[in-house]
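> Please see the structure below; I have some questions.
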Amino acid sequence: MSNKFNNAKILIEKKNFVKSKIYLLEVIEAKNKFYSPAALYLIIENNLEKEQEIILELFDKILENKKIDKNNINLIKLKKVLFLFDLINEEEILNILNPIINSESLWKRNAIILLADYYKSKNEINKSEQLYKLLSTINKS
């Protein structure tokens, strides 16, 4: 997988986006705990896939990977919300972030901040302030 991943990076530098995308999709399909998420991030960073539904499917495929530990799964969930921030509704965001917020994950603070920022962007100041208060109680403990 490392060879395919590295070859894809080289192909991106050479502007051969079609072939690099093929390699990166193969890496994702291989369900490698390190290279599969990294391949998805390369696809997103280099805008190799235009269809957001396909990106969503790729996120879900990676999130189903049992080889990835819980903390990294939570990080991938945060990245998924960031990618979809303006495209998904409150319920979907809560479904993704609440399990992280209600856990002892090392990504808990980031999930709270992301949700608070979401509410702030929607001009729901009370919800945003409640989350920032929650954040301050976590800082104290």
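The values are calculated or read from the model by the stated rules, or taken from the named source; none is laboratory data. Note that the structure is predicted; figures quoted are calculated from it, not measured. Every residue, glycine as well, gets a Cβ built from its backbone with ideal geometry; the counts of neighbours run over all protein chains shown.
> Being free of Cβ contacts under 8 Å to residues at least 24 places away in the same chain, touching a Ser or Thr at 6+ places or on another chain (Cβ under 9 Å) and over 30 Å from residue 113 (Cβ atoms) narrows it down to one residue among 10, 22; which is it?
Working: 22 fails: touching a Ser or Thr at 6+ places or on another chain (Cβ under 9 Å).
Going through 10, 22 in turn, just one is free of Cβ contacts under 8 Å to residues at least 24 places away in the same chain, touching a Ser or Thr at 6+ places or on another chain (Cβ under 9 Å) and over 30 Å from residue 113 (Cβ atoms): 10.
Condition check ((1) closer than 21 Å to residue 125 by Cα; (2) within 14 Å of the chain's Cα centre (by Cα); (3) touching a residue at least 12 places away in the same chain (Cβ under 8 Å)) across all residues:
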| site | (1), (2), (3) |
| --- | --- |
| 66 | no, no, no |
| 71 | no, yes, yes |
| 75 | no, yes, yes |
| 81 | yes, yes, yes |
| 85 | yes, yes, yes |
| 88 | yes, yes, no |
| 92 | yes, yes, no |
| 97 | yes, yes, yes |
| 104 | no, no, no |
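> For segment 32-50, enumerate the residues that are free of Cβ contacts under 8 Å to residues at least 12 places away in the same chain and either in the same structural domain as residue 80 (by TED's automatic domain parsing) or charged (D, E, K, R) (or both).
Those that are free of Cβ contacts under 8 Å to residues at least 12 places away in the same chain and either in the same structural domain as residue 80 (by TED's automatic domain parsing) or charged (D, E, K, R) (or both): 45, 50.
> Just for helices (runs of 4 or more DSSP H) wholly inside segment 34-141: which have at least 3 residues that are buried (at least 18 other Cβ atoms within 10 Å of the Cβ) and of a type outside the set (Phe, Trp, Tyr)? So that I can check it myself, show each step before the final result.
Working: elements: 35-45, 52-63, 70-84, 90-101, 108-121, 125-140.
By residue number, 35-45, 52-63, 70-84, 90-101, 108-121.
> If I ask for residues that are farther than 19 Å from residue 65 by Cα and among the hydroxyl-bearing types (Ser, Thr, Tyr), which ones from segment 14-45 would you list?
20
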